[in-house]
Structures are given as C-alpha cells and as structure tokens.
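Participant: So that we are looking at the same thing, I have put the structure below in structure tokens.
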Amino acid sequence: MTGLAGTIDGVIGVDAHRDTLAAAAVDPVGGFLARTSVGADAAGYRRLLDFAGARVPGRRCWAVEGAGSYGAGVTAFLRAHGERVVEVGRPKRPRRRTGAKSDALDAVRAAREALAQDHLGAPRRRGDREALRVLLATRHSACVAKVCAINQLKALVVGAPEELRAELRGLTTNRQVVRCAALRDRPARSLEHRMTVRALRSTACRIQLLDAEAAELRAALDRLVAAVAPWLLELPGVGPISAAQVLVSWSHAGRLRSEAAFAALAGVSPIPASSGQVTRHRLNRSGDRQLNRALHTIVLARLRDDPRTRAYAARRRSEGKSARDVRRCLKRMVARQLFKLLERLDRPGVELGSIW
C-alpha cells in the first residue's frame with residue numbers, strides 16, 4: 001500500500017489498549033484537529049466512527065497501533081463499515097529527557113507516523129487466517145511446555161535416589177516418560193523416594209497430555225490447510241505447519257506490494273555487507289522470525305529430498321559460497337516462489353511447477 005499524500009482529507013490515529021481506545025484526528029499535513037477516548041467495545045467503536053464523521057467527513061484513513069492485538073476489534077469493525085485502515089508500529093517518541101507520553105499523544109503520533117510513511121501496511125485479515133494463527137500459537141505453546149516438562153523430568157532423574165536413577169537413566173526419553181507415568185508409590189520406601197516417584201509420575205503425565213494436545217492441534221491444522229490451500233502442500237518440502245505459517249504471515253493478496261517486500265518480511269532479503277575488496281551479502285536477522293523458520297524448514301527438507309535443490313546447492317558451493325550463504329539464497333528463492341503463487345490464489349490454472 002502506497003503513501004497517503006494527496007489521497008485523504010485527514011487521518012485518525014488510534015492508540016489501542018485492553019479497555020480503552022484513544023483517538024486523534026489530524027489534517028493532511030499533520031495538524032492537530034481533535035481527540036477523544038472511548039471504551040474498547042461495540043458502543044465505543046460506534047462513538048469512534050461518529051467522531052471521525054464529524055471531524056474528518058471526507059476522505060479519511062485510520063492508523064491503528066496494534067491492529068493485530070488490542071486494536072483487532074476496532075480494526076474489524078472499521079473495515080466492516082468500509083473504512084480505510086492501515087497498521088502502524090509503535091510511534092517514535094521525542095528523543096529528549098522530558099518527552100511527554102500519554103495515550104492521546106500516542107494517538108497523534110500514530111496518525112502522523114502514517115502520513116510520514118511511503119509504504120503503509122494493511123492489517124492482516126481474520127477468518128481462515130485467524131483460525132490458522134490461533135491454532136499455530138496454541139500448538140507452539142504446547143510444544144514449548146512439553147520441552148520444559150521433559151527438561152524437568154531429566155533433572156528429576158539426575159537427582160533421584162540411586163535405585164530410581166539406575167532404573168531410568170539408561171532409557172530413551174520416550175521410554176523414560178512411559179516408565180515414569182507408570183510408577184507407583186511404595187509405602188515401605190523413604191519419604192524422599194515416594195515424593196520423587198510422585199513428582200516423576202506427575203511430570204510424565206503432563207508430558208503425555210501436552211504431546212496429545214499438540215498432536216490434536218496438528219491434526220486440526222492439517223485439515224484446515226488442506227481446505228484453504230491444498231496446492232501449497234504439493235510443493236516440495238512444504239508441510240502443514242510451514243504452510244500454515246506462510247498463510248498466516250502473508251494474510252491476503254495485495255497486502256504486500258512485491259515479492260521483495262515479502263522477502264523482507266520473512267527476513268530473507270540479502271543485506272549488503274561489502275568492505276574494501278570484498279563484495280558480499282549477509283543474513284537478514286530481522287522480520288517475522290516464525291515465517292523465517294518456516295522457510296528454513298522448507299529449505300532443509302528440499303536439500304534432503306529434492307534433486308534440483310541439491311544440484312543448485314552443489315553449484316553455488318563450487319562458486320565459493322558457504323553453506324550458510326547457500327541456505328540464504330535458497331530461502332530467498334523459496335520466498336519468491338511462494339509469494340508469486342500466493343498472489344494467484346484467486347486465479348485458476350496455476351502451474352505449481354512453473355516457478356522453482
């Protein structure tokens with residue numbers, strides 16, 4: 001989405017919080033017009049729309065800070081009423097010791113931030129995309145909790161009484177979990193032994209529950225991705241989790257202005273790092289790191305299974321590229337392929353193998 005110059009009569013900046021929304025209207029050159037504060041509920045959204053109609057009755061744009069979190073409700077409401085909404089990051093505050101800070105000032109800064117940008121970000125859509133996002137986030141939480149529980153189980157085994165430690169330490173992680181979940185208290189044992197058994201059993205049962213939860217969420221993601229974009233799963237190296245993350249980060253056609261912008265969002269756009277006689281690019285460590293991880297997973301799967309990818313990697317290594325540089329190049333190529341295919345979602349007859 002391009003800048004706002006010459007296309008609007010005013011901008012309404014919104015600083016969103018859990019219970020309140022602070023809004024401020026500015027003219028096309030950033031001059032302050034008015035401000036208000038409403039509740040973050042349906043009635044507050046309607047009051048906010050009335051405020052905008054009174055202060056900026058013509059062509060207007062809404063600049064919402066946190067459109068994917070606290071501002072999600074007002075963003076969905078405004079878009080449902082045909083309003084133009086853009087997403088802005090946290091507005092820059094004055095670099096001085098006495099720089100003022102309030103919700104009303106942040107709303108003004110959000111509006112002026114939108115006016116100052118050449119390229120504006122459209123809020124991500126809800127619907128299928130939001131369904132994928134919440135499933136991904138919940139599954140990720142379950143996986144992280146499972147790893148923490150496994151680490152706790154390992155620590156308990158290390159510090160367990162000798163009899164328990166000797167019984168468990170030679171087993172694989174999966175067998176340790178099964179054995180610990182089946183442990184039973186023995187009244188004849190010492191208090192330390194009985195409480196350690198109880199802790200091991202409780203931790204192992206938690207691991208099994210988290211594993212079952214992650215598997216259930218993975219199955220739901222499989223079904224949803226197969227319903228939304230089944231062709232994505234036909235691409236080499238793309239599994240349900242990676243496909244879901246790509247769809248969540250991309251959101252919808254037209255949100256990103258080019259495949260270069262998609263690569264920058266994914267953190268796979270090369271950054272110049274030349275000096276003197278050396279001309280090179282380095283890895284990009286910014287952007288959406290979850291999307292970057294998905295692309296990295298796709299590249300590793302292709303390096304393992306896809307002959308064309310292995311041939312490309314061998315050719316680039318013969319040119320003097322390091323393994324890291326080869327992966328960077330491959331991630332950039334995958335980002336280009338995915339973006340071009342995603343932007344054609346509404347077009348029939350897309351050839352999946354036409355872009356490599």
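Participant: Does the stretch 128-162 hold any residues that are exposed (fewer than 14 other Cβ atoms within 10 Å of the Cβ) and either outside the structural domain of Q208 (by TED's automatic domain parsing) or among the β-branched types (V, I, T) (or both), and which are they?
Facilitator: Within the stretch 128-162, V134, V144, V147, V158 qualify.
Participant: Residues of the stretch 79-89 being surrounded by 17 or more Cβ atoms within 10 Å (Cβ to Cβ) and under 21 Å from the mean Cα position of the chain (by Cα), which ones?
Facilitator: Residues satisfying the conditions are V85, V86, E87, V88.
Matching residues to (1) crowded, with 17+ Cβ neighbours inside 10 Å; (2) over 23 Å from L303 (Cα atoms); (3) outside the structural domain of D305 (by TED's automatic domain parsing):
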site: L235; (1), (2), (3): yes, no, no
site: V238; (1), (2), (3): yes, no, no
site: S242; (1), (2), (3): yes, no, no
site: L247; (1), (2), (3): yes, no, no
site: W250; (1), (2), (3): yes, yes, no
site: S258; (1), (2), (3): no, yes, no
site: F262; (1), (2), (3): yes, no, no
site: G276; (1), (2), (3): no, yes, no
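Participant: Does A76 satisfy the criteria of being loosely packed, with under 12 Cβ neighbours inside 10 Å and under 29 Å from the mean Cα position of the chain (by Cα)?
Facilitator: no
Participant: Follow-up. Might you check whether a residue that is surrounded by fewer than 20 Cβ atoms within 10 Å (Cβ to Cβ), of a type in the set (A, V, I, L, M, F, W, C) and more than 24 Å from A137 (Cα to Cα) occurs anywhere in the stretch 284-302?
Facilitator: Checking the stretch 284-302: not a single residue is surrounded by fewer than 20 Cβ atoms within 10 Å (Cβ to Cβ), of a type in the set (A, V, I, L, M, F, W, C) and more than 24 Å from A137 (Cα to Cα).
Participant: State whether the residues of the stretch 163-170 include one that is buried (at least 19 other Cβ atoms within 10 Å of the Cβ), modelled with pLDDT of 95 or more and more than 20 Å from T138 (Cα to Cα).
Facilitator: no
Participant: Let me ask something additional. Select from the stretch 36-66 the residues that are of a type outside the set (A, V, I, L, M, F, W, C), surrounded by fewer than 22 Cβ atoms within 10 Å (Cβ to Cβ) and part of a strand (DSSP E or B) and list them in ascending order.
Facilitator: T36, S37, G39, R60
Participant: Taking A294 as the residue in question, decide whether it is at pLDDT 95 or above and within 21 Å of P236 (Cβ to Cβ).
Facilitator: yes
Participant: Quick one: L33 ticks every box in (1) without any contact (Cβ under 8 Å) to a residue 40 or more places away in the chain; (2) part of a helix (DSSP H, G or I) except a single one, so which number is it?
Facilitator: For L33, the failing item is (2).
Participant: Kindly check whether there is at least one residue in the stretch 293-305 that is under 23 Å from P230 (Cα atoms) and out of contact with any helix residue (DSSP H, G or I) (no Cβ under 9 Å at 6 or more places or on another chain).
Facilitator: yes
Participant: Given the criteria at pLDDT 90 or above and acidic (D, E), does D325 qualify?
Facilitator: For D325, the condition - at pLDDT 90 or above and acidic (D, E) - is not met.
Participant: Could you tell me whether any residue of the stretch 8-24 is modelled with pLDDT under 90, closer than 26 Å to L256 by Cβ and not basic (K, R)?
Facilitator: yes
Participant: Taking R255 as the residue in question, decide whether it is touching a residue at least 24 places away in the same chain (Cβ under 8 Å) and part of a loop (DSSP other than H, G, I, E, B).
Facilitator: When the stated conditions are applied, R255 passes them.
Participant: Which is modelled with pLDDT of 95 or more and part of a helix (DSSP H, G or I), of V108, V177, V157?
Facilitator: V177
Participant: Out of the stretch 171-187, which residues are of a type outside the set (A, V, I, L, M) and more than 35 Å from the chain's Cα centre (by Cα)?
Facilitator: R179, C180, R184, D185, R186, P187
Participant: Those residues that are in contact with a Ser or Thr (Cβ under 6 Å, 6 or more places away or on another chain) and aromatic (F, W, Y), I need them from the stretch 41-82; list them, please.
Facilitator: Selection gives F51 alone.
The values are calculated or read from the model by the stated rules, or taken from the named source; none is laboratory data. All values reported here derive from a predicted model rather than from experimental measurement. In this analysis, Cβ positions are derived from the backbone assuming ideal geometry, glycine residues included, and neighbour counts consider all displayed protein chains.
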